[in-house]
Each structure stands twice: as structure tokens, then as C-alpha cells.
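Encoded as C-alpha cells, the structure appears first; notes follow it.
The values are calculated or read from the model by the stated rules, or taken from the named source; none is laboratory data. These numbers come from a predicted model, not from an experiment. Neighbour counts are summed over all protein chains in view; Cβ atoms, including those assigned to glycine, are modelled from backbone coordinates with ideal geometry.
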Protein chains: 2
Amino acid sequence: MAVSYKAPVKDVIFAFDVLDSYNILKKIERFSDFSPEIAVPAIEECAKFAEEVLAPINSVGDTHGATFKDGKVIMPPGFLEAYDKFKKAGWASMSLPYEIGGGGMPYTLSGGTLEILCAANMSFVLGPGLSIGAISGINFNASETQKDKYLPKLVSGDWTGTMNLSEPQSGSDLNHITTKAEPQEDGTYKITGTKIWIGSGEHDLAENIIHLVLARTPGSPEGSKGISMFIVPKILVNDDNTLGKKNNVHCISIEEKLGIHGSPTCVMEYKNSTGFLIGEENSGLNYMFTTINEARIRAGGHGLACTTGALQGAAQYARDRVQGRPVGMSKEDAKNSTIIDHADVRRMLMTIKSYSDAMRYMMYDNQMMLDFSYFGDEDTKDFGEERCGILTPISKAWISDLSVELTSMAIQVYGGMGYVEETGIAQYFRDARIAPIYAGTNGIQALDLIFRKISLNDGNTVNELFEDIEEITKQLMDNNGFKNLGEILSNHLTQLKEITNLLNIKLIEGDLTHASGVATPYLKMFGQVLGGYYMGKAALTAQKQTTDKDSEFYNDKITLSKFYIEQLLPLASGYEQSIKSDIDVLFNINSGNF
Amino acid sequence: MAVSYKAPVKDVIFAFDVLDSYNILKKIERFSDFSPEIAVPAIEECAKFAEEVLAPINSVGDTHGATFKDGKVIMPPGFLEAYDKFKKAGWASMSLPYEIGGGGMPYTLSGGTLEILCAANMSFVLGPGLSIGAISGINFNASETQKDKYLPKLVSGDWTGTMNLSEPQSGSDLNHITTKAEPQEDGTYKITGTKIWIGSGEHDLAENIIHLVLARTPGSPEGSKGISMFIVPKILVNDDNTLGKKNNVHCISIEEKLGIHGSPTCVMEYKNSTGFLIGEENSGLNYMFTTINEARIRAGGHGLACTTGALQGAAQYARDRVQGRPVGMSKEDAKNSTIIDHADVRRMLMTIKSYSDAMRYMMYDNQMMLDFSYFGDEDTKDFGEERCGILTPISKAWISDLSVELTSMAIQVYGGMGYVEETGIAQYFRDARIAPIYAGTNGIQALDLIFRKISLNDGNTVNELFEDIEEITKQLMDNNGFKNLGEILSNHLTQLKEITNLLNIKLIEGDLTHASGVATPYLKMFGQVLGGYYMGKAALTAQKQTTDKDSEFYNDKITLSKFYIEQLLPLASGYEQSIKSDIDVLFNINSGNF
């Protein structure tokens, strides 16, 4: 009964144009030949794979779920076969550097493949996503010997990887990790402790699982400066790279969750498990941060994917469902009419679709900046890192928050049928709900933005972004068709800049509590304006690309930009008052009285 | 692991004060002795019942669910015993008129009991709620003989009732109902057709179920003017009021839903089932509308209940969970600190709690207006009907939409634990998601507001409401402590009035499409301002009632009003632009292109 997934190939390709990706990525030597000739077939191939292999087992993953028995995790029916195809097709490693056996494609491109694969089956895609985190953790920080030992099989997907950060008493705040790592005479460590929220910590898809585990060595400093990172394989790897004996690592339970049922969330128990130190002792948190940015951008991608997946279902249902007579339509015309002709249903679909576009451009741009931060030259690397730094908390939180709202709206389009699990639309809503939580809650993203990112590079980073937005407002205002859009965007940009200045002054004055109290509405306001920037770019790009043949597609893009800037962007103003308000009010109620 | 429910007795009682219920209800003769001496013990008793009997089986209802086997619906473990107690305690019939055996309490009071009972166990309460609909349907429209036959057992709860409106092709739009009713020589009718979304259509809680079924008699006019209402008992009732033979009425399946698992949603099959006409033929839709208002207000109540229930969980978790150091707090102080000391977590809790208050006042006021519409004298009945008319779509849609957002926020307070079903917080989120759908989707509420309600009584109804809001802005502005609040509320009221005038002009000009396209943002804006009105009243009431003994409670209420008016009310402005915008944009994209 669920709508079969059809990847929005043309929209994805258009996003690369909006971001001028082919030209901009030429600044990175290894991507100098990246072009539509590479991107389009890759996206088309990905679409085919997602539609034919992953989408058909999405609902199975949800209803059946991963199951836990006698210490083993059994993945849902069909996942093993699909993983085999996924691995062989190289989707797992598409954007990993070719030096370690990856596909060497830009992260920009894998923004598109992530969206498509994940919209088809988010639970399935989460596991390989975590492997990417482990691979980056090893690739950026481990020794050559370690890289040689673990990377080839991780990159090929024959093994998978995990990130083991949280413990029961230590989730958002990793300072209080207590897992112990005792050095042994042979240079290895014995790891002991319990780790929670370990995505794909145990499963039956691959022959080995390489855990990256944060732990403390004896006598290490308190807090975050005393955390080290260890490689703890499920099965130890011999010097000749064959598999050796089983390590003492166990999954002791999996969580029963609201969604992503096909992705096992494990409690992992380490008891004198053999671990191998990565890099230096006490540098584990820094190593972890090299991978967390990627994970945050991906979490935004998950939100985007749930939204665009849900949009398809809602649009299809609205096209099919005959019900009621649209206001102002004659009885005769109404006979061939479905609920998509109702203005209020249209508003819901337009809202989901234009937000989807804004989210897509934002997330792919963030990925493009990741490309620069990883592979840029001296001139462009810093820019990439900084721009990526400021975009990441916004894209992660803004997109993932919206994805809950928009998948909920998709349910509403279905009416009563949306509440019935059989239609599959509720799964998107349940799956989407994790994205605001993992990879750092959205509250943490907001604090990151306000305390670390707007002051980056003495504020130049955020100002450069504002200048880019301003440039788009000018182009819109200079354009007869878009003058109005430019003015609206400009007004909201001005408001955002004023608010940013006000916050900067408060921060300089040392009023940290104010900043922490208004961080969330500030991020929401910033996201809404940033979305306007991308939608402005999209309108300008669509106008340039319109040809007689394809005018409908591009006109639609202009319509979506118009709708966003005229009707959704203004919601940004609603946050201004919150941000300016006295925040003492937050603490005027005793905590027992809530 | 789930937090045990503790009813917010003091908040509920305070709401009656904010609405000046005891004085205002004196205008209705039958409620002239309604007083705190009646209300307080009733709410306390209700709290005890909800906490001790209903809350303990809330999670059972969710995880076990109602099950369907061989045409029978088996309710979750514990529901039967609880229903027996519920019935005996009289909660089912508290606000039904004493003339038919009800408790004769005002609906105002049952706003409070609905909130409490439903926050403890929404799935459980839905069934008896539907009985109330059937009872009203019979009580207002059926013959004396029919009333005598069915009402006593329905009111006592020995039997339950249902409303059978929707069919597969006819949900939001009841014009296309095809269920047939063929008159028989003995004056009865043979009913044949399939009905869907029938809450508690079958279950094992009561010995009989009285279905009210909409159907068409032969030769009846097309559309809504040809629909009649029938009583179709599961077991026929003999003339001596004993149970007779089984009627040919069958539940053929129940839906697997996102939430409210303890409430069976049935597909009912009628095949030459014996039915009894209520009132006149072809008047069924009018009869139905006499009960639908109640159902809509209750749907808002469900949203309120999910929100206040979720708030408790989130607040308790935030008080218990040790994690991170609040910005600006010393390491030493942070040792005894939990996440409730983080400004961003506070913002979430303050948002949920102040919206909860606004929602509560709005919903109870709506119930109070229902009291007037049912039991008022000539002078007050019309006012009650009209005010109830305008409040109902707003309270239903604004509250139920918000309840999804706020229960989602409650999950966010829990972080990762919020996503784990075990904590119980996700159940509130899943349960809440139905309220924007049933009893008329929120889109339909918005159309009702804009097309039928703002023009009620030549616009005097809405203007009287605006005058009431204006009166509160004046009282706030005249009050030294609340001057600022009065100004903010006044500005937003002015904006709402301007927008309302603009819409009226468009409507007079015949631009119905514009109105239908902006109905939802208009309702949201109206709800946000109306919430400000109630929060203003609450601040004024709290200030008057503050005594040395109870100052903390009342100061908290003032703080919540301040937070709402300063920080949440301004979101109303964000909708202005949408409502003013050209809505052609909604139809510029071909439906195939979404």
C-alpha cells in the first residue's frame, strides 16, 4: 500500500547547479574533472539502486526490525542480500579518498546519494554511515600500520565500523566517560566499560566489526583532556591480516525505539577487551571531532531524506484521493478533482516541497565545504573548514527539526490514512524523529553556533556568509522578476545581522547565560534566512537555465523559491522578540514546579 | 521506567479562576451553585482515579494494544477492570444532564477531568468519549421512546456508543456516503454498507454497543441533504429493555496505527442490519453536527492532555539527569546540577508549560461556552453558541497541532532516552498525532473558521471576542507590572484585526480561493493571539490571588504569562506575510510535478 520510492534525480542534479558545484570544485585539484558527465550517471545509478534494492525492504525493516537473541543481532529479512549488493556497487565508499580504496568522488556528490539512499531506506543506510565515521577516525589519526590493517576491509565494506562514545552517565557531555584502558606489556590495552547508543554495534552483515572506543588510561587528566581513542575489533586481526580469535566484546541488548527499527542500537560491554591506541594518549576527543562534523552533516541529510521521501507519498496520495469539492470549483469540474486541488492541501505540499529544496541546497553546500576542508589547497582549505564550521550546526539542527514538522505535515495530507502504519508515511515521521537527537542534540548545535561559530575567525566567517547572502539579495533586486524576493530577503538579512551584533555585544560583555538561553531561536532564525539565500540562488539559477524544452521544471523551481521567500522566510521575524527578550524569565520558576 | 502520572490539580483549579467560571456559570440556572466546594473535590477525586487506575495501564495499552480475532476485539489487559471502576465512579457521565441520569456537572468542569483522565491514559478515555457523542446524538434528536430505550444504559456506561460517519470513499466529505437504509414494513430499516474509522466499534468492555450510523434511504436527495441517522444496536433491545437477538453488525478488522493502540479503530460491516431512524429522514447530517462540536473540543482536550502528560515526564527527567555544566556555572555548583539548569532545556520546559497553560484556558473556556449553548437561557444561549462556534475550530486545531510539536519537544528534553519507547515519552508523541486528524482535520477547522465563523452574526461574534481581548490589553496596560505585556498583546491584536478585515473584504469580493489558501496560517495566527489573551487574563488573576502563603504558585503563573506574551506570542507575526501573499503561487505547479 505504501507508495514506491522514485528518486528525485532532476532535483538533485539541479542542486549541484544551484551551488555552481562543477565550477567551484575545480578549485580542488582532485575534483578538477568533476562534471555533469560524472555526476548525472552516478545519481541515476544510485536512484536505480535505491528504488530497486533498498526501497522494497524499507517497510520490512520497520515492521520486522533488527532482533536480539543470545548476544547476536539478526538484521531484518533482505538486509543481508541488500548489503552485499550495496558493498559491491561501492555506495559505501563512494566519497572516500581513492588513496585508501574509496571512489574518490566529492562529498558534494554524496550529499545527493545520501539523500536518495536514505529516503529509500534510512535504517539500512545508517550502518554504513557509521563505518564512514570509523574510517575517517582511523584515516585521519591512526598509524600507517593500523591503516593498512583496518582500512582496506572497512572501505570495501567487508567489515563495518562503529563509534563508541556515550556511556550511561555520559552522553551529550563526554567529560565523564569512565571506560578504562589499561596498558599491557605488549603495547595493547585492556578495555573495560559499558557503551550505549552504539549504532550497528552488532549485526550479521559483515564478518568483522571495528569499534572505535573512547576510554581513559590510568592516571589520565580528569575531564575531556584525559580521553583516548582505541581500535577494538570484534574479531582480532592477525599480522597477515587474516581474522584471528574473538575479542571479548559483547552486545548485551538493543533498544526498542520509536523508529529506525532496522538499525540496531546496541549496548556494548567491554571486559578486558583487547584495544589498540590510536595516535597519542589523551587526544581521543580531538580525534573524535574530526569525524563528528561529517556525522552532523549526515544527520541533516537524514532529515532531508525523510522529508523528500514523505513528500512523494503525500503528493501521490493527494493526486489519487477523491474527496470534497475545492472551494470555488464547479460541481462538474470537481468530478475529476482530487484533494491536490484543495488550496489547503496545496499549501502543505508547497511547504514540504519548498523546504525540501532549501534543505537540499543547504546540506549539499555543507558537504561541498567539507570537500574543501579535506582536500582544498592552502588557500581554500581554511575557508572550507570555517564555512563548514558555521554551516554544520545550522544545517544539522534546522533541517532535522523541520523534518519532524514536515513528515508530520505529510501525515496530515493523508488524513486518517496517515495514522495507519500500512501506508508507510508514519514510518518517515518516526524515523525522522531521531535526527534532532543524535550526533549532538539540536540544543548542542545551537550552543555550538552561538559560542564557537559566530566568533570564528574574529567574526569574519559569519560576515563572509552574510556578504554572500547580500550578494544574492542584490542579484535578486537587480532582476526585474525577483525584485520583491530580493527585498524580503534583504530585510530579513538585516534583521539577522542586527541580532548577531546584539549577541556579539552580549558575549563580549560576558553575558553567556543570555546567549545560551536564546541559542535555539537564534539558530532557527539563522536557518530560515540561510534557506532564503539558497532559494534565492535557486531562482536565479533556474531563470538562467530555462530553455523552451525544460521550462516547466525551471518555472516550478522559481515558484518554489517565491513561495519560500514570500511565505516561509518571514517566520524568521517571529524569533526576533525571543532573542531580544530578557531571559531571566527562564529561571524564575523553581525546578520542582514544572 | 516511565514517570508515574501526577495530575496538575492546582493548575486545573486555577484555570477555573482565570476564566471566572464560578461567577460566569451562575448565569446558568442549573449551575448556580457551582463553586470551588464542588469543583475542587471533584478534580481531586478525578486525579486520584487517573493516577491510581488509569495511568498504570497506559503503557500496557500501548505495547499490548487492542487485538482482533475471529470478529472479536479484545481490549488490553486491565482495561476491563478499569472500565468497570470508571463506570461506577461516574466519570463517563459527569457532565451529562441530570435529566437523563448524568452527573449534571458543567462541561467547564469536565474540561478539567478530560485533561486529567486523558493525560493518564488517552486510549482508555477515547471510548467513553465516543459514547458521549452517541448520547448527545440521541438525546438531542431521537424520540422519547428511543431515549427511554437507549439512554439509561448508555449514560450508566453499561452500554457504549459509537458514531459511524466515514466510509472508504467518504471521510472529510460526507456527501458521498453510500450506506443504504431500506425501510421495512415494521418501521425499521435494513442498513447495508461499510463504515471505517469507527473508534470502539467493537470491544469486550460492555454488554452492548449502540451505533449511530449515517445512511441513505431510497430516493433520497444527492449529497448532504439525503443523509439520515440510524440507531443500529450490536444486540437488539427488546421492548422490556432486556437484550434480544444479535444484530447483523460485524467488525471486520481493526487498524494498526501510529498511536492510541489501546483504542480499537474498527472497520464495521452492516449487512441488512436492523436500524431505527432518528428524527426525520434526510436530517442526519444536522443531527450529527449537534455532536461534532463536542467531539472537536474534546480533540483539543486530547492534545492538551498529551502535552501536559509529556511535560511531567520531561520535567522529571530534566530534574534527574546529570549531564554537562550549565553555561556560566562554576564547576563546584555544577556538581549538584542537572540538565534542568541548562538554559536551553529550561527554554523547552518553559515553552511546553506556558503553551500548556494557554491551551488549558482556551479549551476549558470553549467547554464553558458549550455549557451556555446547551443550558443557557434565551439571553445567554445564543452568545454561548456563537462564541463556542468561533472558539471550537481554533481550540481544536491550534491545540492539537501544538501538541505534536510540544510532545516532540518533550522527547528532545530526554535526548536519546526520548527515542527509546521504554521511557513512555514517545507514546505521548504518537498518541498526540491523531488529534490534528480526527473530528475534522485541522485544515477543515481552518476553513470552518474563515468561511463560517468570522462572518457569524455579521461579524459581531468575532468582534465581540476582539473586544474581550482588547479589554484584557487595557487591564494589562493599566497595571504597572504588566504594561509591557499589554502593549505586545495590543500590537498583535491590531495585526489580527487588520488581517481579519482584509480577509472579510476578500470574502465580500468573492475571492474564496484566497481565503481557502490562507485559512491555515490565519488560524495559527488567531490561536497564537487568543493564547495571549488567556495568558494575559491568567497574569491578572494570579496577581489578584497572590497571598503570602501561595505566592510561589501565582508568581510562577505570572512568569509563564510573561514568557508566553514576550516570547511565543510574537510568532503570530510570522504568519502575516503568508496571509497577505498572493496565493496563486499555490497552483502554479502542475499536480504531477510535486
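Does B:GLN567 satisfy being modelled with pLDDT of 95 or more, surrounded by fewer than 24 Cβ atoms within 10 Å (Cβ to Cβ) and not hydrophobic (A, V, I, L, M, F, W, C)? Spelling it out, it is not the case that B:GLN567 is modelled with pLDDT of 95 or more, surrounded by fewer than 24 Cβ atoms within 10 Å (Cβ to Cβ) and not hydrophobic (A, V, I, L, M, F, W, C). The residue list A:ASN480, A:ASN460 contains one member that is modelled with pLDDT under 95 and more than 8 Å from chain B (Cβ to nearest Cβ), which is A:ASN480. Screening the candidates A:GLY129, A:GLY157, A:GLY112, A:GLY102 for the property of being farther than 23 Å from A:PHE372 by Cα and touching a residue at least 24 places away in the same chain (Cβ under 8 Å) yields one hit, A:GLY157. Taking into account only those residues within segment B:574-583 that are in contact (Cβ under 8 Å) with a residue 12 or more places away in the chain and crowded, with 22+ Cβ neighbours inside 10 Å, which is farthest from the chain's Cα centre (by Cα)? The extreme case among them is B:ILE583.
Looking across segment A:336-374 at every residue that is aliphatic (A, V, I, L, M) and more than 14 Å from every other protein chain (Cβ to nearest Cβ), the one that is surrounded by the fewest Cβ atoms within 10 Å (Cβ to Cβ) is identified as A:LEU370. Selection within segment A:185-227: residues that are touching a helix residue (DSSP H, G or I) at 6+ places or on another chain (Cβ under 7 Å) and at pLDDT below 95. The member of this set that is farthest from A:ILE135 (Cα to Cα) is A:GLY223. Criterion applied to B:LEU571, B:LEU586 was being within 9 Å of chain A (Cβ to nearest Cβ) and under 26 Å from the mean Cα position of the chain (by Cα), and the one residue passing it is B:LEU571. When A:ASP377, A:ASP382 are screened for being free of Cβ contacts under 8 Å to residues at least 24 places away in the same chain, away from chain B (no Cβ under 13 Å), surrounded by fewer than 21 Cβ atoms within 10 Å (Cβ to Cβ) and in contact with a helix residue (DSSP H, G or I) (Cβ under 9 Å, 6 or more places away or on another chain), only A:ASP382 passes. I'm checking my understanding of the structure. Among residues of segment B:132-156 that are surrounded by 22 or more Cβ atoms within 10 Å (Cβ to Cβ) and closer than 16 Å to B:ILE235 by Cβ, which one is farthest from the chain's Cα centre (by Cα)? Among them, the one singled out is B:TYR150. Given the condition free of Cβ contacts under 8 Å to residues at least 12 places away in the same chain and either within 19 Å of B:ALA446 (Cβ to Cβ) or among the hydroxyl-bearing types (Ser, Thr, Tyr) (or both), answer yes or no: does some residue in segment B:477-493 qualify? No, segment B:477-493 has no match at all.
Within segment B:184-201, is even one residue crowded, with 19+ Cβ neighbours inside 10 Å and without any contact (Cβ under 8 Å) to a residue 24 or more places away in the chain? Checked against the condition, which is being crowded, with 19+ Cβ neighbours inside 10 Å and without any contact (Cβ under 8 Å) to a residue 24 or more places away in the chain, segment B:184-201 yields no hits at all. For A:VAL518, the conditions (1) of a type outside the set (Lys, Arg); (2) crowded, with 21+ Cβ neighbours inside 10 Å; (3) within 12 Å of chain B (Cβ to nearest Cβ); (4) within 27 Å of A:ALA343 (Cα to Cα) all hold with the exception of (4). In the set (1) in a helix (DSSP H, G or I); (2) more than 7 Å from every other protein chain (Cβ to nearest Cβ); (3) among the charged types (D, E, K, R), the condition left unmet by B:GLU566 is number (2).
When the residues of segment A:323-333 are filtered to those that are in a helix (DSSP H, G or I) and more than 10 Å from chain B (Cβ to nearest Cβ), the one that is nearest to the chain's Cα centre (by Cα) is A:ASP333.
When B:ALA446 is tested against (1) within 7 Å of chain A (Cβ to nearest Cβ); (2) outside any helix (DSSP H, G or I), only condition (2) is not met.
The residue list A:ASN484, A:ASN460, A:ASN479 contains one member that is surrounded by fewer than 18 Cβ atoms within 10 Å (Cβ to Cβ) and within 29 Å of B:ASP344 (Cβ to Cβ), which is A:ASN460.
Looking at this structure, is A:SER551 surrounded by fewer than 16 Cβ atoms within 10 Å (Cβ to Cβ) and not basic (Lys, Arg)? In short, yes.
Against the test of being more than 26 Å from the chain's Cα centre (by Cα), within 14 Å of chain A (Cβ to nearest Cβ) and crowded, with 23+ Cβ neighbours inside 10 Å, the options B:ALA318, B:ALA299, B:ALA314 yield a single qualifying residue, B:ALA318. State yes or no: is A:ILE260 among the aliphatic types (A, V, I, L, M), within 14 Å of chain B (Cβ to nearest Cβ) and under 30 Å from A:LEU449 (Cβ atoms)? When the stated conditions are applied, A:ILE260 passes them. Against the numbered list (1) assigned to a helix (DSSP H, G or I); (2) within 11 Å of chain A (Cβ to nearest Cβ); (3) at negative phi; (4) touching a helix residue (DSSP H, G or I) at 6+ places or on another chain (Cβ under 9 Å), B:TYR438 comes up short only at (1).
Taking B:TYR554, is it touching a residue at least 12 places away in the same chain (Cβ under 8 Å), facing another protein chain (nearest Cβ under 9 Å) and not acidic (Asp, Glu)? Against the criterion (touching a residue at least 12 places away in the same chain (Cβ under 8 Å), facing another protein chain (nearest Cβ under 9 Å) and not acidic (Asp, Glu)), B:TYR554 does not qualify. Screening B:ILE116, B:ILE132 for residues that are assigned by TED's automatic domain parsing to the domain that holds B:PRO41, of a type in the set (A, V, I, L, M, F, W, C) and more than 19 Å from B:LEU205 (Cβ to Cβ) leaves exactly one candidate, B:ILE116. Here is the figure for segment A:14-52: residues that are without any contact (Cβ under 8 Å) to a residue 60 or more places away in the chain and part of a helix (DSSP H, G or I) total 10. Given the criteria away from chain A (no Cβ under 14 Å), at pLDDT 95 or above and out of contact with any His (no Cβ under 8 Å at 6 or more places or on another chain), does B:THR160 qualify? Answer is no for this residue. Condition (residue is surrounded by 24 or more Cβ atoms within 10 Å (Cβ to Cβ), more than 14 Å from every other protein chain (Cβ to nearest Cβ) and within 30 Å of B:ASP173 (Cβ to Cβ)) applied to segment B:399-409: is it met by at least one residue? Yes; the residues of segment B:399-409 include at least one that is surrounded by 24 or more Cβ atoms within 10 Å (Cβ to Cβ), more than 14 Å from every other protein chain (Cβ to nearest Cβ) and within 30 Å of B:ASP173 (Cβ to Cβ). When B:LYS557 is tested against (1) under 28 Å from A:LEU560 (Cα atoms); (2) crowded, with 23+ Cβ neighbours inside 10 Å, only condition (1) is not met.
The residue that is surrounded by the most Cβ atoms within 10 Å (Cβ to Cβ), among those in segment B:412-428 that are in contact with a Gly (Cβ under 7 Å, 6 or more places away or on another chain) and within 7 Å of another protein chain (Cβ to nearest Cβ), is B:ALA426.
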